[in-house]
Each structure stands twice: as structure tokens, then as C-alpha cells.
Amino acid sequence: MSKLETVGVLGCGLMGSGIAQVAAAAGCRTVVREVSDELNEKGKARIVKSLDKFVEKGKLEQNERDATLERLTFTTEVGDLAGCDIVIEAVTEDLEIKNALWKELDGLCGAGTIFASNTSSLTIAAMAAATKRPDRFVGLHFFNPVPLMKLVEVVRTVTTAPGTFDRTMLFATSLGKDPIAAKDTSGFIVNLLLVPYLLDAIRALEHGVGTIQDIDKGMVLGTGHPMGPFALLDFVGLDTTYKIAEIMFAEYREPRYAPPPLLKRMVLVGMYGRKSGKGFYDYSATPASVSDLGL
């Protein structure tokens, strides 16, 4: 079974830059494509900062850090990914945008190239059907922050060839990850269970069950979670959670996946969490304080 040695990454945002970093660190020649040089530079700076932290903490040698960066190439041309053994997509959760890229790549990449999506909520089959290689299409869902989180969900559709799935599992392992197999259902394993938990926490707050601090403290001290649901929502991004919930609700039509009114209101006014400086917590000062949501 041939090794996947040349990696293409579509998107250099938070997830894409993390995926590119771990691929390059594992020895793969990695080509990263963004829509502009400015976004590529931001992504590269994020990777450099992450690698430098590993060096500072003694977890990475300086020469390994330099070698990782040398294996990275940044481009704005989709065609530069044509020679890759595997292309991993990490763009916004919009099926039309994703499928437009997959259709373009389908005509550029060789027959042996595997296509993999890092989607967290869309079904893989909805993307595989847009290409002429549904047998070489998988889900490869990493977790944030990618360089630190060991888990990867490898998602097999009804059309994925067994050899494609096996090679992708081995590839995930070669990146230093611990892969698990998931079926092609919206949310896969982790988000199928996690998203209702996060939405239930918001509903509990809306119903006055407890305060933000007490609900978070209860889940940390009572169940051993590393952070409470509101801290996690702010970390993931309320806008991201809202979009995932909308996609999953459209898929399953079950009330537990429906975004609560409070989440919708917060997203509408730009309270996305850490990325915007304010969500359930206000990050304008250190330590962060609880936001006044008028409840």
C-alpha cells in the first residue's frame, strides 16, 4: 500500500494551517492554497508561531522547525495541488463553495489522488457525488487545535473504496494522530454527541437553571471536562456552532439540533466568542469576565 507523501490543503485558516503544519512536520511535502497572498501570509505566520512555541517548550528542535517550514509551499492557484497524493479541504462550511473546488480539482488531479474533507457537519457523500471519484473520497475531520489534538475522524461513505479508507487511516496515523472510523452521518461521532450538549447548556441558561459560571464549573468539577460548555462554545466560535447546528437540524429535523434563540441573537450582533473578543465571556481584559446578556 503506497504511502501518501505529497499533501494538498485547501484553505489556510485556523484548521487548514494546523493541518498543513502537522503534515509538513510528519515529513510530507505540503502545498497550501488560499484565495489571496494576504490570507496565505496570515496562515504561514500562524504556523511559524505554533512551531516556535514547540521549540520554546523543548518539544521541537530548531532544525526540525526549519525543515517543517521548508516542506511548505503556499499558493493561490488551485492547479498547484494537481500533483498531490491527497488533497484535504478545510474551507468554510458551505457545500456550494466546497463542491465548486472539488469539481475543479477533479479535472486537474490524477486518478490516484484521494480527496478528503475536514467538514465537521456536512455529509461526505454530498461532496463525493460532485466528483467522478466517489470511491476515492473520504472525510478527514481534525480537531482544534490541530497540532495538539490527537483525534481524527476518518469517515467512509457508501461509495468509498476499502483501499481508500485503509490508506487514509494509515495516513492519519503517520501524522501522529489517533484515528477513529466514523459513518457518514452529519456530525459524525463527536459532533453528533457534542452539539446537543452545547445547545442544551444554552437552553439551561435561557431557562434560568444556573449562571454561566456555575454551569461551566458544574461540568468541569462534576464530570471532569477540561472546560465548561460556555468556555468551549467561545473557543469553538458561536458562529461556527450556529452554522453546524443549522446543518445538522436540516439533516435530522430533531429539536435537539435546533439553535436556541439566544445563540442566534448573539451571532447576529457579532458575539462569536474568543475570535471577536466577546461571547459568553468578555475577553477585553484578563482574566475574562462573564458577559452581560440581559437574562
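The values are calculated or read from the model by the stated rules, or taken from the named source; none is laboratory data. Because the structure is predicted, anything quoted here is derived from the model rather than measured. Backbone-built Cβ (ideal geometry, glycine too); neighbour counts: all protein chains shown.
Could you list all residues from the range 206-236 that are without any contact (Cβ under 8 Å) to a residue 40 or more places away in the chain and crowded, with 19+ Cβ neighbours inside 10 Å? Selection gives 215, 216, 219, 228, 229, 232.
A residue that is among the aromatic types (Phe, Trp, Tyr) and not in a helix (DSSP H, G or I) occurs nowhere in the range 220-236.
Got at least one residue in the range 147-155 being at positive phi and outside any helix (DSSP H, G or I)? So that I can check it myself, show each step before the final result.
Here is the first cut: in the range 147-155, the residues at positive phi are none.
No, the range 147-155 contains no residue that is at positive phi and outside any helix (DSSP H, G or I).
Cβ-Cβ distances below 8 Å connect the following pairs, each with a first residue in the range 13-33 that is closer than 18 Å to residue 113 by Cβ and in the same structural domain as residue 143 (by TED's automatic domain parsing), a second residue that is hydroxyl-bearing (Ser, Thr, Tyr) and surrounded by 24 or more Cβ atoms within 10 Å (Cβ to Cβ), and a separation of six or more residues or different chains: 20/30; 23/30; 32/17.
Name the one entry in 164, 119 that is β-branched (Val, Ile, Thr), under 21 Å from residue 30 (Cβ atoms) and part of a loop (DSSP other than H, G, I, E, B). Only one candidate passes the filter, namely 119. A single entry from 173, 160 fulfils the requirement of being surrounded by fewer than 23 Cβ atoms within 10 Å (Cβ to Cβ) and of a type outside the set (A, V, I, L, M): 173. Say whether the condition of being in contact with a strand residue (DSSP E or B) (Cβ under 9 Å, 6 or more places away or on another chain) and farther than 15 Å from residue 175 by Cα is met by at least one residue in the range 1-10. Looking for residues that are in contact with a strand residue (DSSP E or B) (Cβ under 9 Å, 6 or more places away or on another chain) and farther than 15 Å from residue 175 by Cα, one finds at least one in the range 1-10, hence yes. Taking (1) in a loop (DSSP other than H, G, I, E, B); (2) at pLDDT 95 or above in turn, residue 54 satisfies each apart from (1).
Out of the residues in the range 20-66 that are β-branched (Val, Ile, Thr) and touching a Ser or Thr at 6+ places or on another chain (Cβ under 9 Å), which is surrounded by the most Cβ atoms within 10 Å (Cβ to Cβ)? Spell out the reasoning first.
Pass one, the range 20-66, residues β-branched (Val, Ile, Thr): 22, 30-32, 35, 47-48, 55.
Filter again for touching a Ser or Thr at 6+ places or on another chain (Cβ under 9 Å), leaving 30-32, 35, 47.
Details: 30: 24, 31: 24, 32: 29, 35: 13, 47: 23.
The extreme case among them is 32.
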